[in-house]
Structures are given as C-alpha cells and as structure tokens.
Amino acid sequence: MRPEVGETLAGSTHRAGEDDKNGTPPGVQGRTATGATLHGKSNVHRVVNVLRALTLQSGPVTVRDLAAKTNIPKSTVHRIITELEVIDAVETRGTEGYVLSLDSYILAAKLLTKTNTSTLLRAELERLTSATGEAAYLGTRTAGGDTMAFVIGVSAGSQKLQYEVPLGEPAPLYLGASGKAILAWLDQTTIRRMAGQAHAAGALSDGSALEEELETIRRAGYSISRAEKIEGAVGIAAPVFVVKRGELSVFGDVVVTLPNIRTSEEKEAEIATQVVETADRVSAVLGSSNHDRYNYEF
C-alpha cells in the first residue's frame, strides 16, 4: 500500500522544517522498500533503543535523559514515548519521567517463561521446594520500580496446607519479606520514598524503623516476615543479583512461603540458608557471580 502524502515509508509523518541538509524528507533517503534505513537508524531501531534505556533504569527517566542515553534527538524521543504511552507500553511518573508499564512487565514475564533460562530457574525452585517441603517463588522488581511481582512459582504438592501466591500481581516493596529483600539493596532515595508510601498507607508508623530493618536484612543476607501479606503466612526471601553493563544490581528474589503453624526458629534458619544458596545459584544462572553479593556497594 502506498504511503499517504506527507508520510514516509516507515509510517512517520513528515513535518515542515524536518528536511535534511539536502532537502530530502527524513525517512526517504537511503530507505529500502521494507522501511529499513541504509544510512542512520530506522524508526524500529530508535524505539528499541528507547525501550532498552527504560529497561536499564531503576526508576523514572526523563525525555531529556533518554535522548542523552540513546543519542536520539529529544523531539524524536518525545514522539516515541508519546506513542508508547498511547499503547500502554510506558507510563508517566509526573515530573519524574517515564517507566515501562505493568503491561510491558507482564509481557516480559511471559517471555521469560518460554526461554531455556526459565527452565533452569524453575529447576532451582523445584530443588528448593524438594529440600524445604514448602512452596518457592522467583520474584522480580517490576518496571515501575516501587513494586515487585512473582514470575515463577513451584507449589509444595505434598502439603495439604500451603499458601500459593498469584503470579504477576504487583505488591509494594515495603511489604513482606519478598519486597524487603529487594528494597534492602536499593538506593537511599528509593528506600525513603517507599518509607513515605508505607507511612501513607498506614503500614508504617516510623520511617526509621524500616531503614533499621533493611540494614538488618543486608547484614543477614535474607528477610523473614510474618503475616504481612497473607494472614498466618511466613515468608523467607533472599535477593537475586544481575550485572547490567558491568554494574551489579538487584533483580528480584527467591522466596519460600509456609504457614506459621508449620514453622519454628530452627526451621526458619534452615530454610533461610537454603533460600540464600538458591538465590546465589539463580544469580549465577542470570550471569552474576555467586560472590557478587558480598562485593555489592550499597
């Protein structure tokens, strides 16, 4: 089908003043019939670079910063972001900038379940469930940065009473072992913001108490919570790390859930050791050394 007047083969509208130095409308010079550029970057290339830049950020990022990180003109980045927002691929955080949307996160989680890496991760969770007799999950920090969600779960089939957590449902990082095991390894700005959200939600009366708890989690290497997300449930979680462009960052966590009627201090300590060991192996599967957690600069 022919492009409409004023439209390039890639489908972007030509605007006055956007001609190149030779007077040729952008998107025409050096473009093949498929819409790929022979010189410069195609629209698809730019969109992918913007999405990649958003993925690598731990929080909201502005159009100006995206333009600097991708080496794409600010006006083009703004147009891409606007179109991505229309299809719910990104969402705004007001003046702070943009983040990937929950829809994008769910799509990525579904893709993860179809990869060989997912098979290896599930095998680690099955191994943990076999060792503990309890349900095990892999959680990740969601695209927005202030929540986490479980993406893979293995139930404890032999147990009549167990707590199965739904996959893909976001929960705030300040809530439960699964959230705090991630939050403990994030920057102070994020921690203070989450403390403010917890206070506003009535889940926390003193922000300093959360910071002290997170410091304890960092020293121990794992988090334990009781009835914070589900009444009568105990959660034990340890962080999973990945390396992005040479820098270590927290990806998510490995979590075991069990009823409080089936636990004790001795059992919790034993499970915590197994959870930490599993989290280290999962980190290795994702490309991070088992020893990287001990070199993490907070």
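Taken together, the values in this text are just the output of simple stated rules run on the coordinates, not laboratory data. Being a predicted model, the structure only gives us computed values, none of them experimental. Using ideal geometry, Cβ is built from the backbone for each residue, glycine included, and neighbour counts are taken over all protein chains shown.
Provide the gained length on full extension for the span L120 to T92, in nm with one decimal, where the gain is 0.36 nm per separating residue minus the Cα-Cα distance.
Value of the extension gain: 6.6 nm.
Report, in listed order, any pair from K74/K229; K229/K267; K74/K244 with a Cα-Cα distance greater than 31 Å.
K74/K229
If I model a spin label at D65 and A269 as a point 7 Å from the Cα along the Cα→Cβ vector, what separation in nanometres do I get?
If labels sit at D65 and A269, their model points lie 4.3 nm apart.
Just order 82-94, 214-226 by mean Cβ neighbour count inside 10 Å, highest at the front, would you?
Order by mean packing, descending: 214-226, 82-94.
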